[in-house]
């Protein structure tokens, strides 16, 4: 990226104080920044670091000025940085033009205008890919699958047959969408596989991290709502329905047929058992294990998951168990001493 400070100020709709012709070539943290970098100051406690940074310019809040530094005053420096970082990211995102000679495009595939397909990608018969979607090297797209516009599918993603993916979706390397749900019937000492004949539907603006697995439904569909963001190594089982704008952090897992509301946050290593309903705006803390339905706006932690404040109190007591044990021993000695004294007085 090479942009002048004047150009950056115009992009973020900020007020520039300093040399508008200075050129920015990168973005960095306030401690690590060097000449040519843009950094940001969102928290006033880091003001001493801002004064010492080597960055060429700093994104700051309204009415913030730093002596000797070029600044761009904005309503929200963090959001302004995200905007500029997105421009930088676009410069390095895959730009695949046309269909590579080593890609395999089966009969009946429909590629819309501006679709790019990288080497060794395979698109099976009847699949449809929307405008300006990028299919990177080594991707497999199954027959009859439909992918929307402006999607970015990174290398070595597997999207199985008859899947529906919306617009502006990003799927990172190693993820599998539409793998069979984990379903078996016990037949004596053997496990008989239940066919998983359903599909997966992913809404617009969803992002799946690396090594995410989204199982296809047994009969109907597994659903991920629009705007939901999924971190690396997350398991979404068959027939799960996830609402809009949820966050699921690494190693979270949802068992089959559970229903997740809108704007739910699942922190790292948290889990939801099967056939449960989780309301809107629920927060599940790290390693929380949900074993029962949760109402709207619940905040839970622990296993089994319970109200977060109650769980914190219980954890605090657990940390003091050795003290409690010592106190109990002392109390038992006092009780024994009193009992002996009472016995002696009666004698």
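Tabulated data for the structure shown
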item	result
Where residue 227 falls short, out of the listed (1) touching a residue at least 60 places away in the same chain (Cβ under 8 Å); (2) crowded, with 17+ Cβ neighbours inside 10 Å; (3) out of contact with any strand residue (DSSP E or B) (no Cβ under 7 Å at 6 or more places or on another chain)	(1)
Count of the stretch 218-237 residues which are assigned to a loop (DSSP other than H, G, I, E, B) and closer than 13 Å to residue 259 by Cβ	3
Some residue of the stretch 123-132 being in contact (Cβ under 8 Å) with a residue 12 or more places away in the chain and either farther than 30 Å from residue 195 by Cβ or not assigned by TED's automatic domain parsing to the domain that holds residue 208 (or both)	yes
Single condition residue 247 does not satisfy, out of (1) in contact with a strand residue (DSSP E or B) (Cβ under 7 Å, 6 or more places away or on another chain); (2) closer than 18 Å to residue 180 by Cβ	(2)
Residues being part of a loop (DSSP other than H, G, I, E, B), under 20 Å from residue 238 (Cα atoms) and touching a residue at least 24 places away in the same chain (Cβ under 8 Å) - total across the stretch 170-200	9
Qualifying position, being in the same structural domain as residue 148 (by TED's automatic domain parsing), farther than 25 Å from residue 151 by Cβ and touching a residue at least 60 places away in the same chain (Cβ under 8 Å), among 271, 261, 256	256
Residues being in contact with a helix residue (DSSP H, G or I) (Cβ under 9 Å, 6 or more places away or on another chain) and not in a loop (DSSP other than H, G, I, E, B) - total across the stretch 1-39	11
Residue match in the stretch 34-45 (condition: buried (at least 19 other Cβ atoms within 10 Å of the Cβ), over 27 Å from the mean Cα position of the chain (by Cα) and free of Cβ contacts under 8 Å to residues at least 60 places away in the same chain)	yes
Residue in the stretch 76-90 that is part of a loop (DSSP other than H, G, I, E, B) and farther than 30 Å from residue 171 by Cβ present	no
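Table: residues versus (1) surrounded by 17 or more Cβ atoms within 10 Å (Cβ to Cβ); (2) in contact with a strand residue (DSSP E or B) (Cβ under 6 Å, 6 or more places away or on another chain); (3) at negative phi.
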{"residue": "117", "(1), (2), (3)": "yes, yes, yes"}
{"residue": "125", "(1), (2), (3)": "no, no, yes"}
{"residue": "151", "(1), (2), (3)": "yes, no, yes"}
{"residue": "154", "(1), (2), (3)": "yes, no, yes"}
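The values are calculated or read from the model by the stated rules, or taken from the named source; none is laboratory data. What you see is a predicted model, and the numbers here were worked out from it, not measured in a lab. FYI the Cβ positions are ideal-geometry reconstructions off the backbone, even for glycines, and counts take in every protein chain you see.
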